[in-house]
Amino acid sequence: MKDGIRDLFSGYYNILLICLALLFIFRPYYDSKLYIGVWNTLLSITIITAVFNCRHSKIIKYIIAFLAIFPVFAGWLHIFYTHTSIFLLNVITTPLFLAVCAGSILYDVVLRARVTFETLRGVICAYFLLAFVFAYIYSLIEFMEPGTFLIYSKPIPFYPNPVYFSEIIYFSFITLLTIGYGDIVATQTLGQTFSVLEGMIGQFYIAILVARLVAVYSYKEEDKRLLRIEKALERRDGR
């Protein structure tokens, strides 16, 4: 029992998973610099955690540590100084950083071929990261083509109001989960294309990774069963 609890809270991806969940729960609902600052603090902590609380290779860790500088800097600067170039730097570098992290995590958990709490946490973290990646992509699309996304048949006045970013995050998650309530819809070609792409990724992600983990778990259990049989035969022959 104690070993199980220790395995649950030790190792990689545990702090990152908590940060990602909090980042979604406390996404910027209110148009307040204080609230946005708190959310941005949580985002900065998540970015730092994504560098050090994951099993990255040394080269990847150097790359994402470098990439992390830009979203942290741009995110904080944009709170106090609203400018198009800062906004673009934020919505371009942040998804790039998150995508590299998600790819590194998936490479780790899929290639290691182990079914542990650490592996499962990594799978969930990558899922969260993908949803945030698409949220930033949608933000960039909405900035380039205002009116791409409608909420209750009305345009989302996204820029420079950061409150509506919470709606974009919400839309990204329900699209990845392929729920599709219809309260927010993509009306332009580019937005529709990425929405369909995210939905496909959400479907294949679950199907492929669950199948992979089940196969690995079955293989390990079969190995254990064969090992028990071999030991039983050895004991019998020894008699």
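Below is a table of values for the structure above.
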{"item": "In nm, spacing of pseudo-spin labels at Phe73 and Leu120 (7 Å Cα→C-beta vector)", "result": "4.1 nm"}
{"item": "Magnitude of the charge dipole, segment 2-208, Cβ model with Lys/Arg +1 and Asp/Glu -1, debye to 20", "result": "620 debye"}
{"item": "Trypsin sites (Lys or Arg not before Pro) restricted to segment 62-154 and DSSP loop, no more than 13 other C-beta within 10 Å", "result": "Arg114"}
{"item": "Unit charges at the beta carbon, dipole of segment 41-156: most positive-side option, Phe128, Thr93, Phe117", "result": "Phe117"}
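Read-outs throughout are calculated quantities, based only on the coordinates presented, and are distinct from any laboratory measurement. This is a predicted model, so every value here is computed, not measured. Every residue, glycine as well, gets a Cβ built from its backbone with ideal geometry; the counts of neighbours run over all protein chains shown.
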